[in-house]
1. Between Asn227 and Arg121, how high is the FRET efficiency from 1/(1 + (r/R0)^6) when r is the Cβ-Cβ distance and R₀ = 35 Å? Nearest 0.05.
2. Kindly express, to the nearest 10 degrees and within the range 0 to 90, the angle between helix 209-220's C-alpha long axis and the longest C-alpha principal axis of the chain.
3. Express in % the proportion of alpha carbon pairs of the chain at distances exceeding 29 Å.
4. Taking K and R as +1 and D and E as -1, what net charge do the other residues with C-beta under 13 Å from the C-beta of Leu49 add up to?
5. If the only charges are +1 at each Lys and Arg Cβ and -1 at each Asp and Glu Cβ, what is the size of the charge dipole of segment 3-105 around the Cα centre, to the nearest 20 debye?
6. Go through segment 158-222 and name the trypsin sites (Lys or Arg not before Pro) that are in a DSSP coil and have 12 or fewer other Cβ atoms within 10 Å of their Cβ.
7. Rounded to the nearest 5, what is the percent of antiparallel bridges among the DSSP beta bridges in the chain?
8. Give the accessible surface of the chain per residue, rounded to a whole number of Å², with probe radius 1.4 Å and ligands, DNA and RNA excluded.
Amino acid sequence: MADRILVVDDEQEVADLLELYLVNEGYQVHKFYQGKDAAECVAHSEIDLALLDVMLPDVDGFQLCKDIRKNHFFPIIMLTARVEDVDKIQGLMLGADDYITKPFNPLEVVARIKTQLRRYRHYNRGEASAPLQDPAAEAQPRPQEEIEIRGLAINERTHQCTLYGKNLALTPLEFSILWYLCSHQGEVVSSEELFEAVWKEKYFEHNNTVMAHIGRLREKLQDSYRNQKFIKTVWGVGYRID
C-alpha cells in the first residue's frame, strides 16, 4: 500500500505542486487548504506523514501539530515562511520532526519525506518484523537491545520505553535520541555527534534542532534544567546520561 501523506497549506499553488510531486512518487495524498479539515482527516483516516504549513487561515499550524501529537506519532514536517530560530524551535518542541523554509525545492521536500518515513518504519518495526536469525549466528554475542537506568528502561528491538514502569510515548526521533544517549551512558555526546547519528545528515553550526528535542524529552522524563535526573547538560560540550 502506498504511504499516505497529509498536505496542509492555504496557498493552493503550493499545495497543488506538492501533491503533483508526491503522486508522481507513488504516494497517496490527502490535501487540504485549512487546518480544521486536515484535523478531521487525521481523526478518521490512516496517515503516515504530515506536511503542515505554519500560517493557516483557521487553525495555527503549531496548534495543529500539537493536537496531532496527542494521539499520533507519525512524522510531521513543518512548512514555514518564517526564518527565525524561535519559530523553528517552537515547532520542534511541539513534536514536529523537521521543518522546511519557504520557498523550497519540491525535490528536497520529497527527499525529506523519504528520510522521515525510513526512520519511522525502522523504529516502529516491532518484534514481528525482526529478521530471522541464522542458527550459526547464535554463538555470536548479541548486541545490547535493552538498557535500564534508575527506573528508565528502553528497548531498541521493541521500541518501548518506560519510566518507573509507566510507558513513555516517544516519537521515533525522541526514541532514537534517548537510545543513543543511553547506549553511550557515562559519555558526553556532543550536539554534532548526536545530530549526525540520529538525523544522518551533516551538522551545521547554530543548529538548534537537538536542543529543542532534548527539551521535549526532558519534559517527558519529568526532568528539568535545574534538576537534571537523566539528561545532563555539559555546558559547551554536549549531553550525558550517567
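1. 0.45
2. 70
3. Taking all Cα-Cα pairs of the chain, the fraction more than 29 Å apart is 33 percent.
4. Overall, the nearby charge balance is 0.
5. 300
6. Lys200, Lys202
7. Rounded to the nearest five, the antiparallel share is 45 percent.
8. 53
The values are calculated or read from the model by the stated rules, or taken from the named source; none is laboratory data. Note that this is a predicted model, so its numbers are computed, not measured. Neighbour counts are summed over all protein chains in view; Cβ atoms, including those assigned to glycine, are modelled from backbone coordinates with ideal geometry. Heavy atoms of the whole protein, side chains included, go into the accessibility calculation; ligands, DNA and RNA do not. Shrake-Rupley method; radii C 1.70, N 1.55, O 1.52, S 1.80 Å.
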